[in-house]
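The values are calculated or read from the model by the stated rules, or taken from the named source; none is laboratory data. Not measured: the values here are computed from a predicted model. Counting neighbours? That spans all protein chains shown, and the Cβs are built from the backbone with ideal geometry, glycine included.
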Amino acid sequence: MTPQNLPQERRLLTEIPGPRSRELLERKLSAVPGGVGTTLPVFVTRAGGGVVEDVDGNSLIDFGSGIAVTSVGNAAPRVVERVRHQVGEFTHTCFMVTPYESYVEVCERLNALTPGDHEKRTFLVNSGAEAVENAVKVARHATGRQAVVVFDHGYHGRTLLTMTLTAKNMPYKHRFGPYAPEVYRMPMAYPFRWPTGPENCATEAAAQAIDQITKQIGAENVAAVVIEPIQGEGGFVVPARGFLGLIADFCRENGIVFIADEVQTGFARTGHLFACEDEGIVPDIICTAKGIAGGLPLAGVTGRAELMDAVHVGGLGGTYGGNPLACEAALAVLETIEREGLVERARRIGEIMLPRLRALAGRHDLIGDVRGRGAMIAIELVKPGTKEPDPAATAAIARRCHAEGLIVLTAGTYGNVLRFLPPLVIPDHLLEEGLTLLEKAFSAHITAVQGG
């Protein structure tokens, strides 16, 4: 049974966006700063399974999951049930004032489920950016070092420090400086764009990064390396196999804290509970958010006990971190992933999507690369016959998808990646229909360009 008994079908009653959504958009423009953008200005009334329903009665296929947040589905039944009960008991006490069991239980579950069998500690915050920032705080405190290493195309958030860690200027960093000190950026093992080809990518990128760290910073000065096991906003870049292991080995050999930013990749999204598991990587600290609580604001920082316990009392925390409603939601999410087999379901989504996208790439040389794992899939668009990014075509095809009732997102350092993050509970028929709509969008774009 889907939440609210929403029919799992695409239904277009008006143009997209419809008249009521356009009215609300005018209100938004007069009340909300223009810097808060909107990918698709349809105002939502209900959502569940694989669909989002808007104020005009349209039902759209969801290939976005609120940017990988509603992986277990929107208004997922177990989440609704636990949150509904909790809101009637109490909504907030601040865990640092008078604690409650659900916070502890979430931490226990994350300690048990994240990679590695070493002793761990977890604390809870509100967002992915806050998790990454706190992970760096822990690493600096525990090591007594200051430098932080990140990678090209990476995205880690919008706070001062995480904006500094993020690679892309527009729209995330433009004119928001000055930035935080002691952050150093290294080359990423980006197979599609590696100069000597994908077969050399892992070893060469790791060698370059290690050489630069050694010469320019000094390994003994580095507190942490922060990396996404699969990059998110940077374009769903899947590092060449072996790269993560080489970097993790270097960190271990030099007393550097290896921080995995699994904000977008965590909680079954990639066909593992955590993306690090694909290559057997065991991070010293792992940051989680997005899919952790079914849409409620929550994030976790889980790390080796000796690192986490090094911080003095009062050095970690926040007023809303680990809100009781969000904790109940997180426990419901973990239960849903396990009981509904959503790790395996993510793999099945990849098995459906990847062959069709590769076939689409075979028909359209506008697609330079198809990549991803599980239900975290992307296609990179280029000018035919080259690797030159084509952000204009990417935006145009996304608009065509939106107009036909398919929610897709763009990404990438160059703005030329279409990324797909369907809810893990999306039924197969909607997944297939969404892919058909994408194929039609490509054909219509090519026809329009040739006709022009």
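One residue stands out in segment 313-334 among those that are of a type in the set (Gly, Ala, Ser) and either assigned to a loop (DSSP other than H, G, I, E, B) or not assigned by TED's automatic domain parsing to the domain that holds GLY144 (or both): the one that is nearest to TYR100 (Cα to Cα), namely GLY322.
Among the residues of segment 186-239, the ones that are over 29 Å from GLY385 (Cα atoms) and of a type in the set (Val, Ile, Thr) come to 8 in all.
Do you know which residues across segment 188-206 are in contact (Cβ under 8 Å) with a residue 24 or more places away in the chain and either part of a helix (DSSP H, G or I) or farther than 11 Å from PRO239 by Cα (or both)?
From segment 188-206, those in contact (Cβ under 8 Å) with a residue 24 or more places away in the chain are 188-194, 198, 201-203, 205-206; that's our starting set.
Within segment 188-206, PRO191, PHE192, ARG193, PRO198, CYS201, ALA202, THR203, ALA205, ALA206 qualify.
Per the conditions (1) in contact with a helix residue (DSSP H, G or I) (Cβ under 7 Å, 6 or more places away or on another chain); (2) over 27 Å from ARG345 (Cβ atoms); (3) of a type in the set (S, T, N, Q), the sole criterion not satisfied by SER71 is (2).
Scanning segment 244-257 for residues that are crowded, with 24+ Cβ neighbours inside 10 Å and free of Cβ contacts under 8 Å to residues at least 60 places away in the same chain, we see that the one that is nearest to ALA147 (Cα to Cα) is ILE247. Looking at the structure I just gave you, is LEU25 in contact with a Phe, Trp or Tyr (Cβ under 8 Å, 6 or more places away or on another chain) and either aromatic (Phe, Trp, Tyr) or without any contact (Cβ under 8 Å) to a residue 24 or more places away in the chain (or both)? So LEU25 passes the test. Applying the criterion of at least 3 residues that are under 30 Å from ASN169 (Cβ atoms), under 23 Å from the mean Cα position of the chain (by Cα) and not polar (S, T, N, Q) to the strands (runs of 3 or more DSSP E) found wholly in segment 335-452 leaves 367-373, 376-381, 417-420.
Residue-level analysis places CYS276 among those that are crowded, with 18+ Cβ neighbours inside 10 Å, under 18 Å from the mean Cα position of the chain (by Cα), in a helix (DSSP H, G or I) and of a type in the set (A, V, I, L, M, F, W, C).
For ARG20, indicate whether it is more than 28 Å from the chain's Cα centre (by Cα), surrounded by 14 or more Cβ atoms within 10 Å (Cβ to Cβ) and touching a residue at least 24 places away in the same chain (Cβ under 8 Å). When the stated conditions are applied, ARG20 passes them. Residues of segment 175-187 that are surrounded by 13 or more Cβ atoms within 10 Å (Cβ to Cβ) and in a loop (DSSP other than H, G, I, E, B): PHE176, TYR179, ALA180, GLU182, PRO187.
The residues of segment 242-273 that are assigned to a loop (DSSP other than H, G, I, E, B) and either within 20 Å of the chain's Cα centre (by Cα) or modelled with pLDDT under 95 (or both), listed by number, are GLU262, VAL263, GLN264, THR265, GLY266, PHE267, ALA268, ARG269, THR270, GLY271, HIS272, LEU273. Condition check for ARG78 on (1) in contact with a Ser or Thr (Cβ under 9 Å, 6 or more places away or on another chain); (2) without any contact (Cβ under 8 Å) to a residue 24 or more places away in the chain; (3) over 26 Å from ALA395 (Cα atoms): one failure, at (2). Being farther than 30 Å from THR38 by Cα, assigned by TED's automatic domain parsing to the domain that holds ASN254 and not acidic (Asp, Glu) is true of PRO195.
Listed here are the residues, each with its yes/no results for (1) modelled with pLDDT under 95; (2) touching an Asp or Glu at 6+ places or on another chain (Cβ under 9 Å); (3) surrounded by fewer than 21 Cβ atoms within 10 Å (Cβ to Cβ).
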residue	(1), (2), (3)
ARG363	no, yes, yes
ILE407	no, yes, no
GLY412	no, yes, no
VAL417	no, yes, no
HIS429	no, yes, yes
GLY451	yes, no, yes
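Taking the stated definitions as given, is ALA310 outside the structural domain of ASN111 (by TED's automatic domain parsing), surrounded by fewer than 20 Cβ atoms within 10 Å (Cβ to Cβ), modelled with pLDDT of 95 or more and of a type outside the set (D, E, K, R)? No. Just so you know, in segment 87-127 the residues that are without any contact (Cβ under 8 Å) to a residue 12 or more places away in the chain and among the small types (Gly, Ala, Ser) include one that is nearest to ASP261 (Cα to Cα), and it is ALA112.
Filtered by the rule that a residue be buried (at least 24 other Cβ atoms within 10 Å of the Cβ) and polar (S, T, N, Q), segment 123-134 gives a lone residue, ASN134. For segment 368-389, the set of residues classified as surrounded by fewer than 20 Cβ atoms within 10 Å (Cβ to Cβ) and free of Cβ contacts under 8 Å to residues at least 60 places away in the same chain consists of LYS383, PRO384, GLY385, THR386, GLU388, listed by residue number.
Applying a threshold of 8 Å to beta carbon distances and a minimum spacing of six or more residues, or different chains, the list of pairs starting in segment 344-359 at a residue that is closer than 14 Å to ARG419 by Cα and in contact (Cβ under 8 Å) with a residue 60 or more places away in the chain and ending at one that is charged (D, E, K, R) and surrounded by 18 or more Cβ atoms within 10 Å (Cβ to Cβ) reads GLY350/ARG373.
When segment 101-122 is filtered for residues that are more than 12 Å from LEU307 (Cβ to Cβ), buried (at least 19 other Cβ atoms within 10 Å of the Cβ) and more than 22 Å from the chain's Cα centre (by Cα), the ones remaining, listed by number, are SER102, TYR103.
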